[in-house]
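Following: one structure in structure tokens, then a few remarks.
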């Protein structure tokens, strides 16, 4: 079905152009428009319906949920607010057996045979005897024995078994089939409406399938337009489409065209063809009034759906193909190129039904979930975002049970409850680990680590994980040996680190090097060593496999890799650091680099965890935080910016209740008692999570994370936290999708989405 048209100067129905809708792509910067809440998986769907700019589902419990454009109340939730996530239709929590979505209205068939409709009613398409828009469902009058329903442009029809057909609403083009052009505010009998198996209402016409498998249509039969006006040939009562023969099994009416599926699984279409919705007939050919076979769909088609300017077919094998207009990526092939012949919908292999809407499409999956693609201007894809999607998306939260997170320079990773690793964000060096270099705006599975992972760590352009058996794998950039596989070859998927196939408790990825702690407390490091950050007494370009750190043969409690330095908590509880020291990041009171560990002897031997940032470091000891190194952005949290701090200083905030700390690029974040999150330092991209972009030299609370945080990770310009229930929230810079929320800019914590779509393939997230 479908439902939008341009405005004509001849006084015929004036419609708002869909381009106006698209122009409302909001100039979003992501801060207030959406909450970016994960869409619960729609796993209980039994029917799907797509209108012009909204969609609805019928659940297995008999309830109705709708999302998308709600200008006229077509979502039925009592408001006119667009919904980016499915909303419950008021009063329809059970008892519904079928649904249909029209241009700007929706209808439901109840188990007792009555029909309820809601939304736009200016042309009496709701059938309640009025022309008043309805924000919640109202009863269609004088209709108690309906067996099927279909909502069209501004009219609606109900099938009464084999005994009749009734239609109501707008009738300017004779789309009601009652022999005249008079609008009907309540159901009216269609002429010759007996012995019908199915009915489909298009924008300005209606088609029905008879018991003899023939097709009858009425309303607009042909349309011819010039630059100013359009003229129409119409049928005021059902007229046989004789050229189809008698082997039709299903029909679908679009805007000004229709399609039929034959008993052999072939597809034929007829009517308007300006956007190639009739396939390879070509848009220079006159609109055929007789059905035209769709190339490549001569067999194997299980169902069809005609949309506004495109059509889709579901094949028996669960794949789907679409053709016609693709301006809004509604064909789902990853492009916006019009298709003369059907193209395969990307990644769709288990579709059970398909629905073509205005400039978007949806499919119900065999698992009873729903995937949508195309225009998303009013949230009609249901993925909580306004961005077009050129491939199917089904937004499902990372959900509960995430056990480990890490934030790199421009990417992030998480370990799920099952031990799988998922990453998102920048992927120019393969640091996402999915075998590609495509940026990912939402989490994707790391190839080869679907289970068994315990922790994950992220560097600038590489990532590493430790398995439950103590083995280490890394992936991504490897020009400086930071993957540790003995080579300098870039790795797009995880590879084992040489010699670390067991006995590893922790791995921490610095910018261009990595360090690990063994079960005996021995540290091993590999990768870039330009400033002695490997700690083996040398200064060299790199090490492609792990080497031992001098003077730390055993007993270390924690280890962390920074940009060009490393730090560890030694056996006695003190701290040792090594590598570059031009910003006092080693904390030994000097600015001298060191290629072996130097001890920060002033600290009491109570340190429990350490974090090396870019040019500063922080440690937690006895529930207090000490920091040292650069402080011009307030990253040491002293209360005022200053020159580098050469010896550790006590953070005045969080005294006595600090649990963990993470040092990023010139800022840091911490967890306090009760799981509350705090950050301080550089805040140019909102990485502190307080809703501003002002630097903070004192710890500020992260908005919305006042309890339940168990892990926090500070990246370069973004941060992530493992929140209550095992959910992941990220905030700050997002140009590479490193927040995993499917849009680009965001400053406050937002839930990370699990969505296989990615940016930059035509329409996704058109920039900050």
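The values are calculated or read from the model by the stated rules, or taken from the named source; none is laboratory data. Small disclaimer: the values here were computed from a predicted structure and weren't measured. When we count neighbours, we look across all protein chains shown, and the Cβ atoms used for this are built from the backbone with ideal geometry, even at glycine.
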Please verify whether residue 528 is modelled with pLDDT under 95, assigned to a strand (DSSP E or B) and surrounded by 24 or more Cβ atoms within 10 Å (Cβ to Cβ), treating the condition exactly as stated. no
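Applying the selection to region 93-109, what residues are surrounded by fewer than 21 Cβ atoms within 10 Å (Cβ to Cβ) and in a strand (DSSP E or B)? Step through it out loud before you land on a result.
Of the residues in region 93-109, the ones surrounded by fewer than 21 Cβ atoms within 10 Å (Cβ to Cβ) are 93-95, 97-98.
Once the filter is applied, which keeps residues that are surrounded by fewer than 21 Cβ atoms within 10 Å (Cβ to Cβ) and in a strand (DSSP E or B), region 93-109 yields 97, 98.
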I'd like to verify a number: residues in region 600-622 that are more than 14 Å from residue 584 (Cβ to Cβ) and modelled with pLDDT of 90 or more, how many? 4
What number of residues within region 531-560 satisfy the criterion of being modelled with pLDDT under 95, closer than 21 Å to residue 617 by Cα and within 40 Å of the chain's Cα centre (by Cα)? 4
Hey, any hits in region 46-69 for a residue that's buried (at least 19 other Cβ atoms within 10 Å of the Cβ) and on the phi > 0 side of the Ramachandran plot? yes
Looking only at region 74-91, count how many residues are crowded, with 24+ Cβ neighbours inside 10 Å and either farther than 23 Å from residue 371 by Cα or not assigned by TED's automatic domain parsing to the domain that holds residue 147 (or both). 0
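Out of 232, 173, I need the residue that is more than 40 Å from the chain's Cα centre (by Cα), surrounded by 18 or more Cβ atoms within 10 Å (Cβ to Cβ), in contact (Cβ under 8 Å) with a residue 60 or more places away in the chain and closer than 22 Å to residue 358 by Cα. Which one? Show your work before the answer.
Details: 232 fails: in contact (Cβ under 8 Å) with a residue 60 or more places away in the chain.
Checking each option against the conditions leaves just 173.
Conditions tested, residue by residue: (1) assigned to a strand (DSSP E or B); (2) in contact with a helix residue (DSSP H, G or I) (Cβ under 9 Å, 6 or more places away or on another chain); (3) closer than 16 Å to residue 596 by Cβ; (4) outside the structural domain of residue 421 (by TED's automatic domain parsing).
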residue: 493; (1), (2), (3), (4): yes, no, no, no
residue: 498; (1), (2), (3), (4): no, no, no, no
residue: 538; (1), (2), (3), (4): no, no, yes, yes
residue: 568; (1), (2), (3), (4): yes, no, yes, yes
Filter region 684-707 for residues that are surrounded by fewer than 17 Cβ atoms within 10 Å (Cβ to Cβ), more than 15 Å from residue 410 (Cβ to Cβ) and more than 24 Å from the chain's Cα centre (by Cα) and give the result. 692, 693, 694, 698, 701, 706, 707
Answer residue from region 138-167, given it is in a loop (DSSP other than H, G, I, E, B) and touching a residue at least 60 places away in the same chain (Cβ under 8 Å) and is surrounded by the most Cβ atoms within 10 Å (Cβ to Cβ) among those: 153
Just for region 177-223: of the residues that are without any contact (Cβ under 8 Å) to a residue 40 or more places away in the chain and outside any strand (DSSP E or B), which one is nearest to the chain's Cα centre (by Cα)? 214
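Please find, within region 342-359, the residue that is farthest from residue 370 (Cα to Cα) out of those that are assigned to a strand (DSSP E or B) and without any contact (Cβ under 8 Å) to a residue 40 or more places away in the chain.
As a first pass, look at region 342-359 and keep what is assigned to a strand (DSSP E or B): 342-344, 351-356.
Keeping just the survivors that are without any contact (Cβ under 8 Å) to a residue 40 or more places away in the chain gives 343-344, 351-352.
On the way: 343: 20, 344: 17, 351: 9, 352: 10 Å.
Taking the candidates together, the pick is 343.
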Which of the residues belonging to region 116-137 are surrounded by fewer than 20 Cβ atoms within 10 Å (Cβ to Cβ) and under 19 Å from residue 97 (Cα atoms)? 136
Given the residues 681, 742, 732, which is the only one that is within 29 Å of residue 428 (Cα to Cα), modelled with pLDDT of 90 or more and buried (at least 24 other Cβ atoms within 10 Å of the Cβ)? 681
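Yes or no, residue by residue, for (1) more than 17 Å from residue 252 (Cβ to Cβ); (2) touching a residue at least 24 places away in the same chain (Cβ under 8 Å); (3) not in a loop (DSSP other than H, G, I, E, B):
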site	(1), (2), (3)
313	no, yes, yes
333	yes, yes, no
340	yes, yes, yes
364	no, yes, yes
371	yes, no, yes
380	yes, yes, no
Inspect region 382-398 for any residue being more than 13 Å from the chain's Cα centre (by Cα) and at pLDDT below 85 and give the result as yes or no. no
Single unsatisfied condition, residue 693 versus (1) touching a strand residue (DSSP E or B) at 6+ places or on another chain (Cβ under 6 Å); (2) modelled with pLDDT of 80 or more: (1)
